[in-house]
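Enquirer: Sharing a structure below in structure tokens format, with a few things to ask.
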């Protein structure tokens, strides 16, 4: 199985005023194509920093990230923008546009990518069916529950056929019942569609639904657990 993401000796140092804060202290990680990986750790352990570096939203202080064998540090701004379009991002806060319907929110990244109107509509409707919102596609975010809004956000993240999904606390802003439904949806996307998923969470119960969990503490991966075959 091909390696889709590889991180080598990642360090990330932020300046808090004049004080350096080491968010990552030498992280090594490989993620295989088709894997569902959870990154588990308490607040401040460096897991969101790691996700931002993998998603090319930030640059490491030291170390390298390879996406499908390509060293991200060698890419120019245009190539980085193309790379980000091949990654689906799902965050704790849904970041939906309030005046847009669910379908229009899902169509947005396809419009930015230059896809035609009819194809955008067809694909958005198909994705909303996949996430169980066929009957809600013409509702605006304010008319949807938190769990439904996160489903829209997941459909939007899948709009441009990403190579993998990065999920940062995707259940952090919804109740426990909806949280489990979202994780079951993510698991189904992984198993049935073969989508590679890297999910950050502080919830042990949710993390255990992934195939593998890496445990982070104080900017390091301290161990890993195989949850499922």
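Residue-by-condition table, conditions (1) in a strand (DSSP E or B); (2) at pLDDT 95 or above:
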residue	(1), (2)
78	no, no
81	no, no
89	yes, no
103	no, yes
106	no, yes
135	no, no
150	no, no
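For (1) assigned to a strand (DSSP E or B); (2) on the phi > 0 side of the Ramachandran plot, each residue gets a yes or a no:
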| position | (1), (2) |
| --- | --- |
| 142 | no, no |
| 161 | no, yes |
| 165 | yes, no |
| 170 | no, no |
| 183 | no, no |
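Enquirer: Between a residue in segment 11-34 that is at positive phi and any residue that is assigned to a strand (DSSP E or B) and exposed (fewer than 15 other Cβ atoms within 10 Å of the Cβ), which pairs come within a Cβ distance under 7 Å, given they are 6 or more apart or on different chains?
Expert: Between residues of segment 11-34 that are at positive phi and residues that are assigned to a strand (DSSP E or B) and exposed (fewer than 15 other Cβ atoms within 10 Å of the Cβ), the close pairs are 26/9.
Enquirer: For residue 205, which of the numbered conditions (1) within 22 Å of residue 46 (Cβ to Cβ); (2) in contact (Cβ under 8 Å) with a residue 12 or more places away in the chain fails to hold?
Expert: Single failed check for residue 205: (2).
Enquirer: Considering each residue of segment 130-188, count those that are closer than 12 Å to residue 93 by Cα, crowded, with 23+ Cβ neighbours inside 10 Å and in the same structural domain as residue 34 (by TED's automatic domain parsing), and give that number.
Expert: The total comes to 3.
Enquirer: Scan segment 37-47 and give yes if some residue there is part of a helix (DSSP H, G or I), buried (at least 19 other Cβ atoms within 10 Å of the Cβ) and in contact with a helix residue (DSSP H, G or I) (Cβ under 9 Å, 6 or more places away or on another chain), otherwise no.
Expert: no
The values are calculated or read from the model by the stated rules, or taken from the named source; none is laboratory data. Bear in mind the structure is a predicted one, so any value in this text is a computation, not a measurement. Cβ atoms come from the backbone with ideal geometry, glycine included; neighbour counts cover every protein chain shown.
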